[in-house]
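Q: Please find one structure pasted underneath; my questions will follow.
The values are calculated or read from the model by the stated rules, or taken from the named source; none is laboratory data. Please read these numbers as outputs of a predicted model, since none were measured by experiment. Ideal geometry is used to build each Cβ from the backbone, glycine not excepted, and the neighbour counts take in all protein chains shown.
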Amino acid sequence: MKKMLKAFALGCCLLAATAFQANASGSTAVKPSPDAAIKMMQEGNARFVANKAINPHSDTNRLILAGKEDQGNYAYATVVSCSDSRVPVERIFDAGVMDIFIIRVAGNVMDVDEIGSSEYGLAHVNTPVLVVLGHTQCGAVTAVTAEVEGHGHALERNIPPLVDNIIPAVKKAIAEHPDKHGKDVVPYGIEENIWQGIEDLFMNSPATREMVKSGKAKVVGAMYDVSTGKVDWLPEAKVTEILAKVEKNPARAMNAMAE
């Protein structure tokens, strides 16, 4: 009886996640709305935190399907995440093969490679949502904070240009919280770095701006707690505010397509 109930529960949980996907003949999929995709991720994270993960789309049949099908018919989210080993993206959203298009980089920064990958996820994999996912105890933000406060240490030659996108976020966090220093200001810098990444994305990707303005896709920020497994979703109104700010900035990129 337990096995039957478990199988039934698994089928119910997967129904919403698979209803939009293409059939085996490869017909064009109907993707969930941005809000529905976010809800799927929220529900997956709730299962993960409750130790009730169902580990969907992780069997041999899914691998066989992946070898035959276009990921664009299946993936429902693009996630820009830190490379930190404590942030296993598919697991924390209880997702599987061909569910999430993931871009991982130290500090979840948005530079040219990450922005180009994000454009690919939104425009070609056709995901209805892009999540810029920060996390607690981020080493990249911690290192930049130490450097900005004047007590950093030597880094290998390619690391400073990798994390320089984080500097404005850390400086803003310090300016807005003058009573916080060292490790106490880092959590504020981590959140500001999510917003900085979204601003960098909008500044350099006219295509993303248009998809968001048209309602085809949403860009959202979220914070993962490495000690609890919980994802907190940041206010969408802040994203709207950042987009409006960028639209008034004459330095924003204007040509959506490569020349």
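Q: Evaluate segment 103-111: report whether one residue or more is outside any helix (DSSP H, G or I), in contact with a Cys (Cβ under 8 Å, 6 or more places away or on another chain) and free of Cβ contacts under 8 Å to residues at least 40 places away in the same chain.
A: yes
Q: Please state which one of Val141, Val170 is surrounded by 21 or more Cβ atoms within 10 Å (Cβ to Cβ) and under 21 Å from Val219 (Cβ atoms).
A: Val141
Q: Determine if segment 152-165 includes at least one residue that is crowded, with 16+ Cβ neighbours inside 10 Å and touching a Gly at 6+ places or on another chain (Cβ under 6 Å).
A: The answer is yes; a qualifying residue exists.
Q: Would you confirm, using the coordinates I've provided, whether Leu122 is within 17 Å of Pro32 (Cα to Cα), of a type outside the set (Gly, Ala, Ser) and touching a residue at least 12 places away in the same chain (Cβ under 8 Å)?
A: Criteria met by Leu122.
Q: Going through segment 58-82 one residue at a time, which ones are out of contact with any Ser or Thr (no Cβ under 8 Å at 6 or more places or on another chain), closer than 27 Å to Ala106 by Cα and not small (Gly, Ala, Ser)?
A: Matches in segment 58-82: Gln71, Tyr74, Val79, Cys82.
Q: Report yes if some residue within segment 139-150 is touching an Asp or Glu at 6+ places or on another chain (Cβ under 8 Å) and closer than 26 Å to Ile92 by Cα; otherwise report no.
A: Yes - at least one qualifying residue is present in segment 139-150.
Q: Right, here's the next one. Of the conditions (1) touching a residue at least 40 places away in the same chain (Cβ under 8 Å); (2) within 22 Å of the chain's Cα centre (by Cα); (3) more than 23 Å from Ile92 (Cβ to Cβ); (4) surrounded by fewer than 20 Cβ atoms within 10 Å (Cβ to Cβ), Lys183 clears all except one; give me its number.
A: Every condition holds for Lys183 apart from (2).
Q: Could you check how many residues of segment 83-95 are buried (at least 22 other Cβ atoms within 10 Å of the Cβ) and part of a loop (DSSP other than H, G, I, E, B)?
A: Total meeting the criteria: 3.
Q: Within the bounds of segment 70-86, is there any residue that is touching a Pro at 6+ places or on another chain (Cβ under 8 Å) and at pLDDT below 95?
A: Looking through segment 70-86, none of the residues is touching a Pro at 6+ places or on another chain (Cβ under 8 Å) and at pLDDT below 95.
Q: Thr240 versus (1) in contact with a helix residue (DSSP H, G or I) (Cβ under 8 Å, 6 or more places away or on another chain); (2) assigned to a helix (DSSP H, G or I); (3) free of Cβ contacts under 8 Å to residues at least 60 places away in the same chain; (4) more than 20 Å from Asn126 (Cα to Cα): which is the lone unmet condition?
A: Condition (1) is where Thr240 drops out.
Q: Follow-up question, since we're still on this one. Do we have Asp232 as of a type in the set (D, E, K, R), within 17 Å of the chain's Cα centre (by Cα) and at pLDDT 95 or above here?
A: yes
Q: For Gly116, indicate whether it is closer than 30 Å to Arg62 by Cβ and surrounded by fewer than 17 Cβ atoms within 10 Å (Cβ to Cβ).
A: When the stated conditions are applied, Gly116 passes them.
Q: If we only count helices (runs of 4 or more DSSP H) wholly inside segment 139-229, which ones have 1 or more residues that are under 24 Å from Glu119 (Cβ atoms) and aromatic (Phe, Trp, Tyr)?
A: Helices (runs of 4 or more DSSP H) meeting the threshold: 186-204.
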